Structures are given as C-alpha cells and as structure tokens.
Amino acid sequence: MKKEIQVFDYASVIMKALKTGILLTTKVDDKVNSMTISWGTLGIEWGKPIFTVFVRENRFTKYQLEKNPEFTINVPFGEFDKKILGICGTKSGHFSDKIKELNLTLESPNSILVPAIKEIPLTLECRVIYKQKQDESEIKEENKNKFYPQDVESSFHGANRDFHTAYYGEIISAYIIE
Ligand SMILES: Cc1cc2nc3c(=O)[nH]c(=O)nc-3n(C[C@H](O)[C@H](O)[C@H](O)COP(=O)(O)O)c2cc1C
C-alpha cells in the first residue's frame, strides 16, 4: 500500500532526516543500488518540485545515473534498522550487492524504472531534468580543503579528492509505503 503525499507538506521531515542520512537508489538493467546521502536540496525550479543530489565522481551511483537518469529518494519515517544507512554509506555497488546483503524489500515504482526501498518508506520518484558538474574554481578554499583533500584516494567513502555533480530530479511521485 502506498499513501500519496504532497511533498512540501513533508519538507521538514525530509530535511531533518537528510542530516543523518537518507537513501538514493538507482537502477540500470537488473542492478539496483542504494547509497546513503546527507547532502541534498528540496525546492522549485522551472515551476517544478525538485530534489537535487550531489554525487562524487567515483561513486557507483554516478555510473548508474549516467546510464539511467532516474532515482528514488527514500527517507526514514518511523523506526528502521540504522545498519541500512551504515552499509549503504560505506560499501560501493562497484564491488557489492547492498540490496541483497541487507535483504532490502523493493517496492514497484509508479512512474520510473527505479524501485523504492520499503524499509525506508517515505519515497520520492525523481527523473533527472538537469545536471552540472560543480565548478572547482567557484568552490571556496575552506570547503575545497575540507571536502576535497587531494591526498585521499577517490574510493574513500568519506571526504576524498573527487568533486560533485549535481543531479536535479523532478519529483514525479511522492508517497509513504505502508
Ligand atoms: C551519512 C553519509 C552521507 C553521505 N552523503 C553523501 C553525499 O551526499 N554524496 C556522496 O557522493 N556521497 C555521500 N556519502 C558516501 C557514499 O554513501 C559512499 O561512498 C557509498 O559507498 C557510495 O556508494 P556507491 O559507490 O554504491 O554509489 C555519504 C556517506 C554517509 C555515511
């Protein structure tokens, strides 16, 4: 069962959860992959509701988004197993099947090909309508030093040398899986 929601009615729930981590899921062919994110923005451009995610170069998620520019966002709503955010935020789909390892339940999507994750039930189905690699020359020195240390290899899941690409996802559908 899915309860349809007006996404902006849940703006504070989404933004509070984002601080500690939510899931960004992608799908290419049969490979579904979730990664934990804590950077994102909810807003409006071109008169459309948009959720923007910021993904570093080396992430498997980036590879997936370039092949199928759609994603689901799953936000905790009620109790959930914190291990999900831990594993999805430290292991990479380059080398593992996180969905299988965590035994996550995939929920059929309404409007895109990427499924939702039932265990993290507040869902936004998003289609990428714009993307932009962030311009290194416009990033303040303080943030460059903190978030892009050039002596840390790209595969490290915390701060590393790779810059972010912003993917703007038009929110096509929003619901809570019950
Ligand atoms: C709490 C938390 C928040 C994170 N936020 C982001 C983020 O916003 N963008 C990003 O590129 N990586 C972020 N990461 C790192 C990725 O989740 C991590 O590198 C993951 O293993 C990438 O998975 P993938 O290679 O399967 O895409 C975060 C990790 C944690 C634990």
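Name the residue, out of LYS2, LYS82, LYS48, LYS27, that is on the phi < 0 side of the Ramachandran plot, more than 9 Å from the ligand (Cβ to nearest atom) and touching an Asp or Glu at 6+ places or on another chain (Cβ under 6 Å).
Exactly one of LYS2, LYS82, LYS48, LYS27 is on the phi < 0 side of the Ramachandran plot, more than 9 Å from the ligand (Cβ to nearest atom) and touching an Asp or Glu at 6+ places or on another chain (Cβ under 6 Å), namely LYS48.
What is the residue count in the stretch 70-93 for residues that are under 23 Å from PHE54 (Cβ atoms) and surrounded by fewer than 12 Cβ atoms within 10 Å (Cβ to Cβ)?
Result for the stretch 70-93: 1.
For the stretch 68-87, what are the residues that are touching a residue at least 40 places away in the same chain (Cβ under 8 Å), within 14 Å of ALA17 (Cβ to Cβ) and not aromatic (Phe, Trp, Tyr)?
Within the stretch 68-87, ILE73, ASN74, VAL75, PRO76, GLY78, ILE84, LEU85 qualify.
If you go through the stretch 33-56 one residue at a time, how many are aliphatic (A, V, I, L, M) and touching a Gly at 6+ places or on another chain (Cβ under 9 Å)?
Adding up the residues that qualify gives 4.
Among the residues that make up the stretch 8-16, is at least one of them on the phi < 0 side of the Ramachandran plot and either outside any helix (DSSP H, G or I) or in contact with a Lys or Arg (Cβ under 7 Å, 6 or more places away or on another chain) (or both)?
Start the filter on the stretch 8-16 by keeping residues that are on the phi < 0 side of the Ramachandran plot, which leaves 8-16.
Adding the requirement that they be either outside any helix (DSSP H, G or I) or in contact with a Lys or Arg (Cβ under 7 Å, 6 or more places away or on another chain) (or both) leaves none.
Within the stretch 8-16, none of the residues are on the phi < 0 side of the Ramachandran plot and either outside any helix (DSSP H, G or I) or in contact with a Lys or Arg (Cβ under 7 Å, 6 or more places away or on another chain) (or both).
Check SER154, SER108, SER137 and return the single one that is loosely packed, with under 14 Cβ neighbours inside 10 Å and within 16 Å of the ligand (Cβ to nearest atom). Walk me through how you get there before you give the answer.
Details: SER108 fails: within 16 Å of the ligand (Cβ to nearest atom); SER137 fails: within 16 Å of the ligand (Cβ to nearest atom).
When all the criteria are applied, what remains is SER154.
Scanning the stretch 129-156 for residues that are of a type in the set (Ser, Thr, Tyr) and either part of a strand (DSSP E or B) or touching a residue at least 12 places away in the same chain (Cβ under 8 Å) (or both), which turns out farthest from PHE95 (Cα to Cα)? Explain how you work it out, then say what you get.
From the stretch 129-156, those of a type in the set (Ser, Thr, Tyr) are 130, 137, 148, 154-155; that's our starting set.
Now narrow it down to the ones that are either part of a strand (DSSP E or B) or touching a residue at least 12 places away in the same chain (Cβ under 8 Å) (or both): 130, 148, 154-155.
Numbers: TYR130: 28, TYR148: 23, SER154: 15, SER155: 11 Å.
Once the filter is applied, the top-ranked residue is TYR130.
Checking GLU57 against (1) crowded, with 18+ Cβ neighbours inside 10 Å; (2) under 18 Å from PHE163 (Cα atoms), which single condition isn't satisfied?
Going through (1) crowded, with 18+ Cβ neighbours inside 10 Å; (2) under 18 Å from PHE163 (Cα atoms) one by one, GLU57 breaks only (1).
In the stretch 157-173, which residue that is part of a loop (DSSP other than H, G, I, E, B) and surrounded by 14 or more Cβ atoms within 10 Å (Cβ to Cβ) is farthest from the ligand (Cβ to nearest atom)?
The selected residue is ARG161.
Only the coordinates and a few stated rules stand behind these numbers; no lab work does. Because the structure is a prediction, the values reported are computed rather than measured. Counting neighbours? That spans all protein chains shown, and the Cβs are built from the backbone with ideal geometry, glycine included.
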